[in-house]
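The values are calculated or read from the model by the stated rules, or taken from the named source; none is laboratory data. Every value quoted in this text rests on a predicted model; they were computed, and no experiment measured them. Here the Cβ is made from the backbone with ideal geometry for all residues, glycine too, and neighbour counts use every protein chain on show.
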Amino acid sequence: MNEKVIERTIKYTIPTPKELFESFRNEFSKTTLPDSWETSRPWTITILGIFDRIGHNFGYKPRKEYLALDRTWEIRHPDISVIVMALEHENQDPVVKILDDELQKLLDTKALLKVLIFYPEVPSMMTEAGYTYPEIQEKIESAKIKNPDEKYVIMSIIRTGDEIVISACLFDSDGKGEDLGDFRVKYSSKD
């Protein structure tokens with residue numbers, strides 16, 4: 001019998017945390033930002049839209065509200081199933097509430113990249129004294145079931161005068177942190 005075989009190869013690019021933050025910087029810098037700093041819904045739409053564009057650029061079809069996560073990028077085939085990126089975005093709650101909601105969702109999810117974006121008063125960064133939000137780092141460290149390949153990208157967006165400062169830190173599954181840097185964008189609000 002003369003069999004014909006058709007094989008398929010599908011290639012996905014899984015960005016490193018640094019590549020993800022750089023992609024976010026590029027997209028954020030060219031995005032028209034909401035007119036009001038004080039109105040949260042337009043910021044949520046803007047940030048999720050940026051991650052949708054980044055996901056498409058890496059070959060994913062971003063999915064909304066899967067497992068109650070704000071966004072996911074997934075690989076789904078009969079022979080492979082993985083969440084590449086899980087995103088939680090919160091622009092109103094203080095850090096204490098983020099720990100038990102958005103961050104907890106990320107801890108409970110099997111994903112390679114876990115991204116938390118929030119709007120604190122102090123940037124998310126590593127300093128000589130440690131991480132500016134040690135309770136986030138401690139929560140990541142406290143997880144009992146860990147995937148050694150998972151990475152947490154914690155991003156903060158703050159407004160300082162006529163600029164927006166976006167900073168990010170990377171944590172591995174054991175809570176070991178690394179600063180990813182920051183960038184600034186000019187911004188004027190109508191409020």
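Quick rundown of the values:
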read-out: Options Leu116, Leu103; residue that is in a strand (DSSP E or B), free of Cβ contacts under 8 Å to residues at least 60 places away in the same chain, crowded, with 19+ Cβ neighbours inside 10 Å and touching a strand residue (DSSP E or B) at 6+ places or on another chain (Cβ under 8 Å); value: Leu116
read-out: Criterion violated by Glu3 - all others in (1) closer than 26 Å to Val82 by Cα; (2) modelled with pLDDT under 95; (3) of a type outside the set (S, T, N, Q) satisfied; value: (1)
read-out: Test: residue in the range 45-58 that is farther than 22 Å from Ile136 by Cβ and free of Cβ contacts under 8 Å to residues at least 12 places away in the same chain; value: yes
read-out: Matching residues, the range 137-150, being buried (at least 19 other Cβ atoms within 10 Å of the Cβ) and either without any contact (Cβ under 8 Å) to a residue 24 or more places away in the chain or in contact with a Phe, Trp or Tyr (Cβ under 8 Å, 6 or more places away or on another chain) (or both); value: Gln137, Ile140
read-out: Unique match (being surrounded by 17 or more Cβ atoms within 10 Å (Cβ to Cβ), under 20 Å from Lys18 (Cβ atoms) and free of Cβ contacts under 8 Å to residues at least 24 places away in the same chain) among Thr127, Thr132; value: Thr132
read-out: Scope the range 151-182; condition among the polar types (S, T, N, Q), over 18 Å from Asp100 (Cα atoms) and surrounded by 20 or more Cβ atoms within 10 Å (Cβ to Cβ); matching residues; value: Ser167
read-out: In the range 30-72, the residues that are under 22 Å from Asp108 (Cβ atoms), surrounded by 13 or more Cβ atoms within 10 Å (Cβ to Cβ) and among the small types (Gly, Ala, Ser); value: Gly55
read-out: Subset of the range 156-181 (residues that are more than 12 Å from Met126 (Cα to Cα), charged (D, E, K, R) and part of a strand (DSSP E or B)); value: Arg159, Glu163, Asp172
read-out: Answer residue from the range 166-191, given it is among the acidic types (Asp, Glu) and over 16 Å from the mean Cα position of the chain (by Cα) and is farthest from Glu22 (Cα to Cα) among those; value: Asp191
